[in-house]
1. State, to one decimal in nm, how far the label point of Q261 lies from the label point of T284, with both points 7 Å from Cα in the Cβ direction.
2. Kindly flag which residue pairs out of K213/K325; K27/K98; K224/K301; K27/K299 have an alpha-carbon separation exceeding 20 Å in this structure.
3. Through the Karplus equation 6.51 cos²θ - 1.76 cosθ + 1.60, θ set to phi - 60°, convert the phi angles of region 94-102 into ³J(HN,Hα) values in whole Hz; use x for Gly and Pro.
4. What's the center-to-center distance, using Cα atoms, between region 192-208 and region 33-99 in Å?
5. Check Y252: other-chain or 5+ apart residues with amide H under 5 Å from its amide H, H built from backbone geometry?
6. Using a Gaussian network for the chain with springs between C-alpha atoms less than 10 Å apart, which of these wobbles most: S298, S166, S191?
7. Based on the alpha-carbon gyration tensor of the chain and its eigenvalue square roots a ≥ b ≥ c, which shape applies: rounded if a/c is under 1.5, prolate if not and a/b is larger than b/c, or oblate?
8. Restricting to bridges with both residues inside the chain, how much of the DSSP beta-bridge set is antiparallel, in percent to the nearest 5?
Amino acid sequence: MNILITGGAGFIGSNFIRYMLTNYNHKIINLDCLNYAGNLKNLRDIAGDSNYHFIKGDIGNRSLLNTVFQEFEIRVVVNFAAESHVDRSIEDPEIFGKTNIMGTLALLDTARQFWKIHPQNKFSREFKENVKFLQVSTDEVYGTLGTEGYFTEKTNLAPNSPYSASKASADLLVRAYFETFGLPVNITRCSNNYGPYQFPEKLIPLMINNAMKNRAMPIYGDGKQVRDWLHVKDHCTAIDAVMQKGIGGEVYNIGGNNEKQNIEIVKLILKALNRGEDQITYVTDRLGHDKRYAIDSSKIKKELGWSPSYTFEQGMKETIEWYLKNQEWMEDVISGEYIRYYDQMYGERGIFLPMTQGVNGLEAEVFDK
Ligand code: NAD
Ligand code: DAU
């Protein structure tokens, strides 16, 4: 079977491609435009696999999509490609609309045309054509929770950031292509992932990198916001389960049942690396900061038999070890654009990266506001 994986050079996509090539004999076509987070070094170990093909391109490029679908006779699409960082969406929302909404729309149209889907299909709930469009979405489309309760698949969509609004918009388009055209779709909504190859703009790799280098650890607001953490490999097995067994048109929530406050995570990282808590620096809060995410995963567990395999302690231990072992990977991704981003995001919060030792030897300094 030929599977189109979009955004496969990013964090979760690259982990998923490695998982698929290790466990199956499918042909994997990775379409990725290689934005700042897309990195072919995430796939260096499997780049020579005869079942793997990389195409550099934009999911919004319809003529490219037609060629790819035709040439590789694509049967399954797993759409990871997205602008994925909330803070960037607050600084510059437009690209989030372009990629996350319009890009998904182009993929949906191409799949529908190429697979010659009949609208009646949706009534069978089993798609005999053996094709599927799997949209990788996020729990952030549900907005925020108070101190109690969980997001279920029936929770209303109430996104609060331009990022989550763009992901929610894409989800609605995916749903509409099922309802109107009978396109065989599934949507997965996962909680916060962590693990190897995550771009260090996200909390865990950013804090591991800063802790290792004795830099300030910037906590937004009071640090008491809660996220539900899932190891990326558990996300991969969940997507696999949905790809194989998901019922047409259904949404599946995926979560780790690991609710942690941000401050707890940062303290855990400091302790694991034998660093003192004086590195913790409270900074101006994120605009529209969601207070708590927590996922009810009972549907995917009950209906598809999925469950996570990592405990948070084991997953974090392995993850910290991975970043310690792969400092060359880290140095590579934090050169160039990362410096501009860091200055823009954290400079206004009083934390700078003065280039005292060249790109590979950056030392942070905290300045009084
Ligand atoms: P990432 O930013 O690490 O990777 C995104 C990838 O998409 C990059 O390789 C990038 O080059 C590519 N891309 C961006 N725009 C593109 C375009 N127009 N055409 C082709 N490729 C493009 O993101 P991630 O953390 O790996 O997230 C992957 C997906 O999973 C996203 O859709 C995200 O919304 C979703 N998700 C992420 C998390 C998480 O915790 N990271 C949780 C739930 C869902
Ligand atoms: O819930 C799933 C989502 O998780 C995904 O859809 C997104 O793609 C992914 O980026 C992630 O979104 P978050 O906004 O939750 O993740 P982030 O790592 O950016 O932040 C996690 C928490 O840590 C959040 O409450 C903000 C806080 N934070 C983050 C950074 C980068 C800080 O306090 N300081 C920081 O420097």
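1. 2.4
2. Violating the 20 Å Cα-Cα cut-off are K27/K98; K224/K301; K27/K299.
3. Karplus values, whole Hz, x for Gly and Pro: 4, 5, 5, x, 5, 6, 6, 9, 5.
4. 20
5. For Y252, whose amide H was placed from the backbone, the distant partners under 5 Å are I187, T188, R189.
6. Most flexible of the set in this elastic network: S298.
7. On the way: a/c = 1.80, a/b = 1.54, b/c = 1.16.
Prolate is the answer for the chain, as a/c is 1.5 or above and a/b outweighs b/c.
8. The antiparallel fraction comes to roughly 10 percent.
The values are calculated or read from the model by the stated rules, or taken from the named source; none is laboratory data. Predicted model only: the values in this text are computed from it and were never measured. Cβ atoms come from the backbone with ideal geometry, glycine included; neighbour counts cover every protein chain shown. We work out accessible area using only protein heavy atoms, side chains counted, and drop any ligands, DNA or RNA first. Shrake-Rupley method; radii C 1.70, N 1.55, O 1.52, S 1.80 Å.
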